[in-house]
Structure formats: structure tokens, C-alpha cells
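Some notes on the structure that comes next.
Please treat every number below as a calculation from the coordinates, not as lab data. Since the model is a prediction, treat every value here as computed from it, not as a measurement.
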Amino acid sequence: MKRKDRQKAESNFILKTGVILLAMLTLLAVLVPIFSGQSYAEQNPDLQNLGSSAAHLFGTDKFGRDLFVRVWYGTRISLFVGIGSMAICGAVGIVIGAAAGYAGGIIDLLLMRLGDLVDAVPSLLYVILITLTFGANAGSILLGICISGWVESARIVRAEVQRVKTLNFCEAARILGAGPIRILRTHVLPNAWGPVIVSLTFFIPKAIFTEAFLSFVGVGIEAPQASLGSLIQAARSQMRLYPSQMLYPILVLSLLLISLHLIGVGLEQKGGWNRR
């Protein structure tokens with residue numbers, strides 16, 4: 001097998017593995033809380049700190065709540081934060097980056113300096129301030145991540161637009177009378193999607209880990225809601241006596257991050273795009 005074919009087969013395998021793993025995790029996150037018959041928030045003093053069994057696959061926590069349901073409910077929140085922040089940051093970054101890259105001049109200067117100004121403050125600080133102001137919930141974390149999360153996407157889109165707009169087919173479209181919006185929509189952006197998609201794919205696990213970290217240190221999702229980070233944090237006090245209460249959310253969080261990373265690596269290798 002030629003080297004190029006071998007690399008293509010490897011990238012396809014990595015991408016398919018990531019997609020299959022992510023699809024399985026997503027299905028469990030959606031279906032388990034609906035069809036399990038258990039509540040993620042209901043407490044039962046008679047079922048405290050049980051081990052894994054047929055009735056409670058992951059056991060129960062110190063309040064008697066079913067950990068299997070809580071872990072997959074937490075996975076749902078993590079996916080919501082990751083995918084939601086990717087969609088918002090991607091949309092804002094594409095608009096600002098495309099405007100800056102195509103217009104150039106003073107518009108480019110102002111938009112990019114705005115991005116530098118926003119990006120100068122650590123993103124975690126934005127999230128913490130938003131959660132302290134509006135409450136510790138998934139919406140606040142999503143908003144905090146998106147305040148500065150669009151900057152990287154905007155820079156990548158700007159660089160790609162500056163590269164593509166000088167190519168011959170864009171020059172031909174301008175000569176034929178096409179306007180800037182039409183050129184961007186039909187010629188520039190379709191040929192600049194590759195690096196942008198890869199960057200946004202890698203942004204999802206970054207957002208998920210941010211939410212997990214904040215919940216772990218106690219400024220993320222509030223009880224009785226559960227996220228993977230808050231489940232890990234709640235299990236710290238039980239770690240020596242009941243280590244499985246921490247093991248299961250850590251395992252699911254690791255699988256989630258690995259699946260997204262595999263998808264990003266597979267897309268990057270498949271398209272031959274390098275992240276900036």
C-alpha cells in the first residue's frame with residue numbers, strides 16, 4: 001500500500017472511530033435519563049452508597065441517587081455546553097473573521113484589535129464572573145465561554161479569507177460584477193471551510209473540559225443538576241470508601257474527550273489542514 005493510501009486509511013479509521021464513539025455516548029446521554037425509570041435528582045436514604053448492581057449499574061451516591069442516570073444526564077449537559085459554545089463561537093467568528101479578512105484596512109484593524117482586547121483576559125475569568133452574576137448553570141457557562149471563544153475562529157477565518165480572495169476565480173467574479181457578499185458566500189467561504197471546521201471540532205472538548213473544571217472546583221453546575229465535573233467533585237469525599245463514584249464520571253468524560261479529539265485529528269489528517 002502506498003504511503004498516501006495508508007495515511008488516508010488511517011485518517012478514515014480515526015475519524016470513524018471518533019464518530020462511532022461520540023454517537024454511542026450521545027445516544028446514551030439522550031436516552032438513559034428518559035427511559036431508565038430513575039430520576040437524576042430523587043434522593044433515597046435507604047439506597048445510599050450502593051455498589052454496582054442490576055438495579056443501579058453505576059451504584060448510588062451518598063444521597064441514594066442513581067449514578068447511572070446522573071452520569072448520563074451530566075454527559076448531556078457537557079455536550080450541550082460543548083456543541084452550543086462551538087455553534088455560537090463559530091457563527092460569530094465566521095462573521096467577524098470574514099468581514100475583517102475581506103474588507104481589510106481600517107475594518108480589519110479595528111475588528112482584530114477588538115479580538116486581541118477580548119482575548120487578553122483569561123477565558124476562565126469570564127466564565128467565573130458570569131456564573132457569579134447570573135447563577136451557576138449551563139447557560140451562564142455557555143455565555144462565559146462564548147465571550148472570548150470566537151476570537152480563535154475569527155483569526156482562522158480571516159487568514160483563510162485573505163488567502164482565498166486573491167485567487168483567480170474570486171478576481172473573475174469581481175470583474176463580472178459580483179458583490180462582496182455574493183463572493184464571500186459562493187466563492188470564498190466554501191473554499192475556506194477546512195481549517196475552520198477542524199478548529200471548531202477541537203473547540204468542543206476544550207469547552208467541555210472548561211465546564212468540567214469549573215464544576216469540579218465548585219463554581220459550575222449547581223445541585224441538584226449534575227455535570228460530569230460536579231459528579232467528580234461530589235465523589236471526592238467518598239473516594240477512599242467508594243472509588244467507583246468518581247471512576248464512572250471520569251471514565252465517561254475521558255471517552256467523550258477522546259472521541260472528539262479523534263474526530264478532530266481525523267478531519268485534520270483527511271483534509272491535510274493544519275490548525276493555526
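Over the range 61-213, what lengths in whole Å, largest first, do the semi-axes of the equivalent ellipsoid take, defined as the square roots of 5 times the eigenvalues of the alpha-carbon gyration tensor? Kindly include the intermediate steps, with their values, before the conclusion.
Numbers: eigenvalues 283, 60, 20 Å².
Rounded to whole Å, the semi-axes are 38, 17, 10.
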Integer Hz, Karplus 6.51/-1.76/1.60 couplings in order for the range 220-227, x for Gly and Pro:
x, 5, 8, 5, x, 4, 10, 10
Kindly point out which whole DSSP H helices in the chain project their C-alpha atoms 24 angstrom or further along the helix axis while averaging a Kyte-Doolittle hydropathy of -0.5 or above.
3-35, 67-103, 138-164, 193-216, 244-271
The range 2-270: projected area of the alpha-carbon convex hull, averaged over directions, in nm²:
18.2 nm²
